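The values are calculated or read from the model by the stated rules, or taken from the named source; none is laboratory data. Just so we're clear, the structure is a prediction, and the values are computed from it rather than from any experiment. Quick reminder, even Gly has a Cβ in these numbers, built from the backbone with ideal geometry, and neighbours come from all protein chains shown.
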Amino acid sequence: MFRYQLVVLCIAFIVCNSTDNSFCEFKDCYIKAVNRTDKFMTLYIKLYQTPVDNVTANIKLMRNNNGFKPFFLDVTIDACRFLVNQKNKIIREFYFKLYKKYSNMNHTCPYDHDLLFPQLWTRYLEDTLEGFVPLVGGEYALYTTWYSKNIKRASVNIYFSIF
């Protein structure tokens, strides 16, 4: 006998922070509801020091257990090297598919233009996350911290709940 549990993932909000405003600035960073079930995220990052050819990303999946603590994924990658060979299966299957389909960051370094994520539908993120990570009910966050030349430049945190 099989028991099916309906899992509802609800993306609550996004927080974008530029730690070096001389390097980059977030012009847009928001989630917009289209109707009761559909939402999209929009990010627009203005780059002031181009070309950008040295990028490191720290990606953490966090779970709220008396404060957010790392859960399942805590990886640091050389983003420029990853875009060339894409050997990290976790990042390739989850994160890069997001970039490839919904942004202008879908090419190798250097980046000599602003970074755009126009209308990243949250349903795509939800479906990818549900199929990839074993999640139970609770509050979660996806923390990303971005470095260039080993200097922290920006962070993007997405908070969501599982019901």
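Observations on the model:
- Enumeration of residues in region 69-83 that are of a type in the set (A, V, I, L, M) and in a strand (DSSP E or B): LEU73, VAL75, ILE77
- If you go through region 91-111 and keep only what is at pLDDT 75 or above and either closer than 16 Å to TRP121 by Cβ or of a type in the set (Ser, Thr, Tyr) (or both), you end up with TYR102, SER103, THR108, TYR111.
- Residue match in region 62-73 (condition: hydrophobic (A, V, I, L, M, F, W, C) and on the phi > 0 side of the Ramachandran plot): yes
- Within region 20-68, considering residues that are among the charged types (D, E, K, R) and either more than 22 Å from LEU120 (Cβ to Cβ) or in a loop (DSSP other than H, G, I, E, B) (or both), the one modelled with the lowest pLDDT: ARG36
- Residues satisfying the stated conditions in region 116-140, i.e. buried (at least 19 other Cβ atoms within 10 Å of the Cβ) and either modelled with pLDDT of 90 or more or of a type in the set (S, T, N, Q) (or both): THR122
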